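Each remark here refers to the structure printed beneath this line.
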Amino acid sequence: ASDSDTAKTLRQRASELGYQFELSAVPHTAGRSAINGQGVGILVPATLPLRNIKTDPNGRAIAAMLAIPSSQGSDRAGSDLGLIGLYGPSGATSASFQNSESNLTAERDTGAFLADATRKMAHLPIIAGGDLNCFAQPAIDTISNNLTARDASLCSELLRLEYIDSFR
């Protein structure tokens, strides 16, 4: 099946289960299917519709506004919540990462998408997450001395944008 057929099947199956699924997949390269390879998605109950869905062209990020119906009975009811899904390049904590222009470009482009989506949804509370393939504080986040925290990583970008690490 083609990538678009696979994505359509995933969306259809999610819909049958009462969910909405949106996908940003890494374009087909090196003989790998994007859907079976890398990407990031957002899966939410169909009763909470996503709006203004944006994806980056590299399939490493997706942003959307989640509409919270006024019937939900919370203080956020009737408003929106920003959602950002991220997939950082693998190996971002290894010393050799900076030797790969494709890794640096992928990280820079994903960080730019994150900053732009954050700016556009600044009026909303935003939840950002995903597989960042990096860490913010080596002393807390790792048990190995062979890993590198980099100022250009997605974790560092999230901190610069004043996101709060909910794990802490």
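The values are calculated or read from the model by the stated rules, or taken from the named source; none is laboratory data. What you see is a predicted model; the values in this text were computed from it and never measured. Here the Cβ is made from the backbone with ideal geometry for all residues, glycine too, and neighbour counts use every protein chain on show. Ligands, DNA and RNA are stripped out before the accessible areas are found, and what is left, the full protein with its side chains, is counted by its heavy atoms. Shrake-Rupley method; radii C 1.70, N 1.55, O 1.52, S 1.80 Å.
Other residues whose C-beta falls under 13 angstrom from the C-beta of Thr55 contribute a net charge of -2, scoring Lys and Arg +1 and Asp and Glu -1. Each residue, Ile53 and Asn146, gets one label point 7 Å from its Cα in the Cβ direction; the gap between the two is 4.0 nm.
Please give the peptides 97-106, 139-148 ranked by average Cβ packing (other Cβ atoms within 10 Å per residue), highest first, as a rough proxy for protection.
Ranked by mean Cβ neighbours within 10 Å, highest first: 97-106, 139-148.
Note on Lys8: accessible area approximately 140 square angstrom, rounded to 10, probe 1.4 Å, nucleic acids and ligands left out. Amide H contacts of Asp131: Leu86, Gly88, each under 5 Å away and 5 or more positions distant or on a separate chain (H built 1.01 Å from N in the peptide plane; Pro and chain starts excluded). Taking one equal scatterer on every alpha-carbon of region 39-168, how large is log10 of I(q)/I(0) by Debye at q = 0.17, 0.18, 0.20 1/Å? So the normalised log intensities work out to -0.89, -0.97, -1.13.
Accessible surface of Thr47, taken over heavy atoms with a 1.4 Å probe and every protein chain present, rounds to 110 Å². Relative contact order for region 46-137: 28 percent, from Cα pairs under 8 Å spaced at least 6 residues apart, divided by residue count.
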